[in-house]
Amino acid sequence: DGGITQSPKYLFRKEGQNVTLSCEQNLNHDAMYWYRQDPGQGLRLIYYSQIVNDFQKGDIAEGYSVSREKKESFPLTVTSAQKNPTAFYLCASSLLGQGGTEAFFGQGTRLTVV
Amino acid sequence: KQEVTQIPAALSVPEGENLVLNCSFTDSAIYNLQWFRQDPGKGLTSLLLIQSSQREQTSGRLNASLDKSSGRSTLYIAASQPGDSATYLCALPNTDKLIFGTGTRLQVFP
């Protein structure tokens, strides 16, 4: 089945730790995205990538880092510099830039600071 | 700057009712509009994508309309069922990202 796979589903982070969230897609999409969702707020864009080895900051990139070494994979690292990382993280992909094509989302990773 | 508003924020209806969810946007120069469904603790499921040249799109019991001139889209759900209970989000592309509304939380009770 084609789709987007995020792992793990739940992740716990201690203060001062870096953690990495995985996102893999087999849709042959060029563009991939990371969004953060907090209760009562809309989705906010963290980073996006439209081509391998290139990515751009979104609206809330501080405290996060990404890489795009393969077309299929776009991992997100939540660093210790992110002061409030507890949230639901969603990965998405689309065929081209999101201007004209349908976006698809993974099932999300819930990150909790303990 | 594109702003997206969804009204109502929450809706509770008995099974069998026909429903209309609203999505308003401020900039009518859009490429498309996409409706999503989100179940609690889950990711987003794409329901319908309407291109800017279209006025409506249908999938099963769902029908989405688009009126760019008035900055509005509606999602019509026919003969609602308890399984339709979820949060419904609309989103519009803005350069390289999607701008989301805050959603309508729908509960359909038996």
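None of the figures in this text is laboratory data; all of them are computed from the coordinates on show. This is a predicted model, so every value here is computed, not measured. For neighbour counting, all protein chains shown are included, and Cβ atoms are generated from backbone atoms with ideal geometry for every residue, glycine included.
Here the spin labels are modelled as points 7 Å beyond Cα on the Cα-Cβ line, and at B:A78 and A:Y10 they lie 4.1 nm apart. Starting from the Cα of B:E17, step 7 Å toward the Cβ, then list every residue of region B:73-110 with an amide N under 16 Å from that point. B:75-88, B:104-110, by backbone N distance to the label point. Put in line by how crowded their Cβ is, counting other Cβ atoms within 10 Å and starting with the fewest, A:K14, B:K1, B:K68 read B:K1, A:K14, B:K68. Once the C-beta distance of B:D39 and A:D54 is scaled by a Förster radius of 30 Å, the resulting FRET efficiency is 0.35 to the nearest 0.05.
Restricting the count to DSSP beta bridges whose residues both fall in the protein assembly as shown, what percent are antiparallel, rounded to a multiple of 5? Numbers along the way, then the final one.
Working: 72 of 81 bridges.
Of those bridges, close to 90 percent are antiparallel.
Between A:D30 and B:S28, what is the FRET efficiency for a Förster distance of 35 Å, r being their Cβ-Cβ separation, to the nearest 0.05? After rounding to 0.05, the efficiency reads 0.80. In order along region B:69-74, the phi-based Karplus estimate (6.51 cos²θ - 1.76 cosθ + 1.60, θ = phi - 60°) of 3J(HN,Hα) comes to 4, 9, x, 9, 9, 10 Hz; Gly and Pro are listed as x.
One chain, two ends: B:S69 and B:Q51. Fully extended at 0.36 nm per residue, the span grows by 5.1 nm beyond their Cα-Cα distance. Per-residue mean of foreign Cβ neighbours for B:26-36 is 2 (Cβ atoms of other chains, 10 Å radius). Put in line by how crowded their Cβ is, counting other Cβ atoms within 10 Å and starting with the fewest, A:R110, B:R55, A:R68 read B:R55, A:R110, A:R68. For region A:1-100, a simple Cβ point-charge model (Lys and Arg +1, Asp and Glu -1, everything else neutral) yields a dipole of about 260 debye relative to the Cα centre.
Our note on the geometry: Cα centres of region B:62-99 and region A:10-70, 25 Å apart. Which one of A:Q37, A:V114, A:F88 has its Cα pushed farthest toward the positive end of the charge dipole of chain A, where Lys and Arg give +1 and Asp and Glu give -1 at the Cβ? In chain A, that residue is A:V114.
Considering only lysines 8 or more places apart in sequence, or on different chains, count the pairs in the protein assembly as shown whose C-alpha atoms sit under 15 Å apart.
Numbers: A:K9/B:K42; A:K14/A:K83; A:K57/B:K97; B:K1/B:K97.
Number of lysine pairs found: 4.
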